[in-house]
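Okay, structure first, notes after.
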Amino acid sequence: MRRADAGNGKGMTRLGPALEIVKVENDAARSAASDTPAALLAPALAQQHPGCGAPRWERPLPGFTYAALDLGTNNCRLLIARPAAREAVPGGFKIIDSFSRIVRLGEGLSQSGRLGEAAIERTLDALAVCRDKMQARNVTRARLIATEACRAAQNGAQFIAKVRNTLGLELEIVDRETEAHLAAAGCASLADEAAESVLLFDIGGGSSEVIWLERAERADRTGLRDRIRFWVSLKLGVVTLAEKFGGFEVSDDVFETMVHYVTRELDGFIARVAERGRCDRFHLLGTSGTVTTIAGIFLNLVRYDRRRVDGLWMSNEEVNQTIEKLRRMNYRERAANGCIGPERADLVLAGCAILEAIRRAFPAERVRIADRGLREGILLQLMQADRGLGESGL
């Protein structure tokens, strides 16, 4: 991949002066992304994200094109979108381009404490594709975030500087609370509105976020800030767990060891929510490659299809059977599966172990699958800010 030098290294110079990079200072303290209406994204997510019950547009956004980039421990993912027509999808947006590549930026980080040179080069190649896509789509507003790998690495700041100087992209390392709130903002609309409480989780490559959502107590207080009661960001994910315990061949004993390891990390959060109410509609809501893979396997998809996965309900027994099916596969079989592939075949069982720990701690008859999250949360945040809603609309 050709990577042109960014010249002076200030801002996104290769994308031209019309692009504004948004960096939110002290995001968690201001809860800038934590107040998104719970129904802002409707369950049926194809190319448009509807806005059921979303605030009305305060003003049109002519010519605005938005981008959200999420650079994690394992993946580099980009969404580019424009606000949907007011009469078609109020408060929503239409995806016009996307990109996702497994880069394993955090490969070996848990052992060395540093981002490796090979991982950095893979990531720079992926980011160059993202930059070119944003340029081709004439993006005018963007937020580009980096999460656990860059937070944890000794050379994380140097990597951010290298991205800036090489590609002209200004990455922002977000804190754990911001990451949790953005993930919730992007997918909380899939929660059952009749449920008294819902457990939302995002299993990442280097960290996993778990969030306790409750139904709004008042009809006029439906923002996410009023619904999130507790959250935790665990310093573990599919990459770190697979590197610690192995991911190519996972015996029953190793799998159980991983589950118990995650449970110990969850203990504090479990204690904090022990007295919270749960009605018969309580369910889990998961957003991650782990749960979308499980959904694809359950549906017997030859190739992964987001349209069939996003919003899918699975029963507890269906999840049990699918995890068992995955555990019976050897590495070659996992690598050959169209919903897993060779790049994730050594990680998926670690993800299943994290999910199993969550399910044992919070038994539920239903799990809902979300193929949406952080990037969608960012896009909603940017668009609502430009509609003049500020924090009140988020």
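FYI, it's all coordinate maths here, none of it is from the lab. Since the model is a prediction, treat every value here as computed from it, not as a measurement. Ideal geometry is used to build each Cβ from the backbone, glycine not excepted, and the neighbour counts take in all protein chains shown.
How much FRET efficiency would the formula 1/(1 + (r/R0)^6) give for A118 and K325, where r is the Cβ-Cβ distance and R0 is 22 Å, rounded to 0.05?
0.10
Between region 186-218 and region 346-371, what is the separation of their alpha carbon centroids in Å?
What the calculation gives is 14 Å, centre to centre.
Suppose every K and R has +1 on its Cβ and every D and E has -1 on its Cβ; what is the size of the dipole of region 88-127 about the Cα centre, in Debye to the nearest 20?
Taking the Cα centre of region 88-127 as origin, the dipole is about 140 debye.
Separation of region 260-312 and region 133-181 by C-alpha centroid, Å?
Using only Cα atoms, the two centres lie 27 Å from each other.
Sort T287, T123, T263 by Cβ crowding within 10 Å, fewest neighbours at the top.
Final ranking by Cβ density, sparse to dense: T263, T123, T287.
What ranking do F282, F93 get, fewest neighbouring Cβ atoms within 10 angstrom at the top?
Taking fewest neighbouring Cβ atoms as first place, the list is F282, F93.
Could you please rank R104, R366, R303, R375, placing first whichever residue has the fewest other Cβ atoms within 10 Å of its Cβ?
Taking fewest neighbouring Cβ atoms as first place, the list is R303, R366, R104, R375.
How high is the FRET efficiency from F248 to R272, r the C-beta distance, R0 35 Å, rounded to 0.05?
0.45
Please tell me which of these pairs span more than 29 angstrom C-alpha to C-alpha: K94/K325; K162/K235; K94/K244?
K94/K325; K94/K244
Under a Cβ-only charge scheme (Lys and Arg +1, Asp and Glu -1), can you give me the dipole magnitude of region 193-373 about the Cα centre, in debye to the nearest 20?
400
Tally Lys and Arg at +1 and Asp and Glu at -1 over the other residues with C-beta under 13 Å from the C-beta of N74: what net charge comes out?
Neighbour charge sum, excluding N74 itself: -2.
Report the full-extension gain for the segment S100 to S315: residue separation times 0.36 nm, less the Cα-Cα distance, to one decimal in nm.
Between S100 and S315, full extension yields 74.5 nm more.
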